[in-house]
């Protein structure tokens with residue numbers, strides 16, 4: 001598959017509506033709109049080994065580390081998922097009092113969320129692997145109040161207004177087009193981010209096993225950095241308006257967001273001691289249980305040939321040596337009963353900073369504030385992350 005194939009794209013859409021009315025309720029309906037747009041590309045990229053065919057490198061096992069140098073040019077997986085979830089509900093209580101002439105407004109509950117996920121897997125080489133995943137939750141902002149209807153019917157243009165940050169009504173609208181444009185504008189701006197987080201990891205298999213006298217060792221290291229940005233709660237618009245008018249107090253629309261990061265360092269080691277034992281020929285024979293010759297058979301053969309008593313005594317001494325050898329081999333087998341040894345070292349650290357004033361635009365950083373909080377903090381750095 002190629003990265004531009006249409007088969008890499010997928011889309012879904014679903015709509016559900018629930019409508020209820022009874023003696024006390026004039027109407028109560030809930031509408032759910034769900035849609036998804038996804039791109040997913042995966043492949044098995046070619047690994048290039050530019051030094052593998054050089055003659056003198058192929059002949060020496062001590063140059064395997066250089067000969068096996070390799071790299072890939074493209075990632076093996078790229079995935080982007082967009083999930084849209086819009087909910088609109090409206091409920092109006094029936095007027096059961098004949099003397100009441102004031103029309104009761106309906107209760108409106110609506111939300112429009114846009115969730116995005118990103119995934120990237122890239123094997124830079126056979127021993128270096130990079131993985132990155134990110135999640136963004138955004139709110140699509142639209143007019144407050146009742147839905148703005150389209151058409152020329154009796155209910156067309158009902159409701160619809162937008163609030164300023166200070167709580168005042170920016171303008172009312174009776175235009176379906178203006179209501180539509182407010183949603184489209186928010187979509188073009190990718191919504192109002194409410195939560196962002198990502199996770200990045202790099203793993204490295206140290207090629208010690210390509211060195212002949214260290215081929216019994218396996219060592220791997222992994223670094224993981226994560227980052228999260230959460231939007232802070234908004235200040236009451238009336239309080240903010242008063243602060244702006246008086247020029248005192250905090251005049252932003254929120255007391256500050258919260259950012260946090262985490263860092264994990266992990267080192268794994270595995271020692272294949274059986275391979276180490278087998279490098280010594282005698283220990284290899286002990287491990288494999290190589291059969292020994294039968295001393296008594298040799299004695300009988302020599303007796304038949306008439307080699308005399310002296311030869312028999314010599315063979316008896318050899319038999320005693322054989323017994324000692326069996327004891328030694330048994331002791332060595334006990335020592336070599338440990339076949340593998342593995343160990344793991346892990347270090348976990350993290351920082352949480354409340355009151356962060358900047359937005360999460362690119363990888364959780366704000367280009368309007370010199371990419372605060374900085375690339376280092378966004379990928380797990382614990383000290384001097386502002387450098």
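Throughout, read-outs are computed from the coordinates displayed, never taken from laboratory work. Note that this is a predicted model, so its numbers are computed, not measured. Cβ sites come from the backbone with ideal geometry, for glycine too, and all protein chains shown count toward neighbours.
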(request) For residue 15 and residue 128, compute 0.36 nm times the residue count separating them, minus their Cα-Cα distance, and round to one decimal in nm. (result) 36.2 nm
(request) Find the all-direction average of the projected area of the Cα convex hull for segment 344-387, expressing the result in square nanometres with one decimal place. (result) 3.8
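Under 8 Å for C-alpha pairs, at least 6 residues apart: give me the relative contact order for segment 1-95, rounded to a whole percent. Please report the intermediate quantities before stating the final value.
Values: 165 pairs, mean separation 34.5, N = 95.
With pairs under 8 Å counted, the relative contact order is 36 percent.
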(message) Could you sort the peptides 69-75, 194-200, 16-22 by per-residue average Cβ neighbour count (10 Å cutoff), highest mean leading?
(response) 194-200, 69-75, 16-22
(message) With only alpha-carbon atoms in the gyration tensor, what are the semi-axes of the equivalent ellipsoid for segment 1-53, in Å, largest first?
(response) 54, 10, 5
(message) How large is the direction-averaged shadow of the alpha-carbon convex hull of segment 1-128, in nm²?
(response) 12.6
(request) Express in nm, to one decimal, how much length is gained between residue 362 and residue 339 on full extension, taking 0.36 nm for each residue of separation and deducting their alpha carbon distance. (result) 3.3 nm
(request) Sorted from largest down, give the three principal axis spans of the alpha carbons of segment 75-137, whole angstrom values. (result) 81, 11, 11
(request) First measure r as the distance between the Cβ atoms of residue 325 and residue 351, then evaluate 1/(1 + (r/R0)^6) with R0 = 51 Å and state the FRET efficiency to the nearest 0.05. (result) 0.20
(message) Rounded to two decimal places and with Rh computed the Kirkwood way over Cα pairs, what is Rg over Rh for segment 44-104?
(response) 1.88
(message) Within segment 83-98, name every residue whose backbone N is under 13 Å away from a label modeled 7 Å from Cα of residue 22 along the Cβ vector.
(response) 94
(request) Report the paramagnetic label zone for residue 30: residues of segment 104-118 whose backbone N is under 18 Å from a point 7 Å from Cα along the Cα-to-Cβ axis. (result) 107-113
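With r as the distance between the Cβ atoms of residue 255 and residue 110 and R0 = 22 Å, compute the FRET efficiency 1/(1 + (r/R0)^6) and round to 0.05.
Calculated value: 0.30.
Taking 0.36 nm per residue of sequence separation and subtracting the Cα-Cα distance, how much length would be gained by fully extending the chain between residue 44 and residue 69, in nm to one decimal?
7.2 nm is the gain from fully extending residue 44 to residue 69.
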